[in-house]
1. For Ala48 and Asn82, calculate 0.36 nm times their separation in residues minus their Cα-Cα distance, and state this gained length in nm to one decimal.
2. For Thr67 and Met35, what is the calculated FRET efficiency with R₀ set at 22 Å and r taken between the beta-carbons, to the nearest 0.05?
3. Considering only protein heavy atoms, with the full assembly of protein chains and a 1.4 angstrom probe, order Val65, Val52 by accessible area, largest first.
4. Across region 99-112, in residue order, what do the Karplus-derived ³J(HN,Hα) couplings come to in whole Hz, using 6.51 cos²θ - 1.76 cosθ + 1.60 with θ = phi - 60° and x for Gly and Pro?
5. If you build the Cα gyration tensor of region 1-118 and take the root of 5 times each eigenvalue, what three semi-axes come out, in whole angstrom, biggest first?
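The values are calculated or read from the model by the stated rules, or taken from the named source; none is laboratory data. Quick caveat, the model's predicted, so the values are computed rather than measured. Cβ placement follows ideal geometry from the backbone for every residue including glycine, while neighbour counts extend to all protein chains displayed. In case anyone asks, the SASA skips ligands and DNA or RNA and just uses the protein heavy atoms, side chains included. Shrake-Rupley method; radii C 1.70, N 1.55, O 1.52, S 1.80 Å.
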Amino acid sequence: MAVDIGPRIGIEGEAEYRRQLDRIITQSKTLHAEMRQMESAWNKDTTAKQKVAQQTQMLNNQIEVQTQRIDELKRGLEESKNKFGENDKKTLKWRQALANAETELNRLQAQLRELPNNVQLVGKSMQETGAKIESVGKKISSVGSGLTKSVTVPLAAMATAAVKTTASFDSSMSKVAALSGATGEDFDTLRNKAREMGATTR
């Protein structure tokens, strides 16, 4: 905490000044905790737009508090320089506290700048995914249409040929029956033999 607030410098009203700085630090810590709590409350129904809106508001609040903290630290640094000099140990500690606070401010501002880019990337990614799905869908539809033609046409031809073959076979067997006079079991045996020979020979 000494590094965050800076060492005592023995100036008039220092107690009130340190209380003010301590309040700002506590407020900053509270905002950090609220940011973590907010992110932990997100679920699958929380949209990217909602997340960015919440993060933007929270980061703006943190930046505002951090800016107040930097202003107070700058005041402490100036007081220390005036009382103890530029290179005094107390002044250097104030400078260190200020540098740490400014680094944190830069981090928060960078995080805020990246938010819109993240949303654009999410939107772009979703659009690209949608386009890919649509493209795949069209390809599948095209393949399905081609398969329908390439499978249905030969099947229809095979069915037609089968009907013609069956009709031709029945007609031929009728002629054999008429010429041979075969009936009943004799005709069935003859018919089965013809089928057997048809399956094994041209």
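1. Additional length available on full extension: 7.2 nm.
2. Computed FRET efficiency for Thr67 and Met35 comes out at 0.85.
3. Val52, Val65
4. Calculated HN-Hα couplings, in order: 4, 4, 5, 5, 4, 5, 4, 4, 5, 5, 5, 5, 4, 5 Hz.
5. 35, 14, 9
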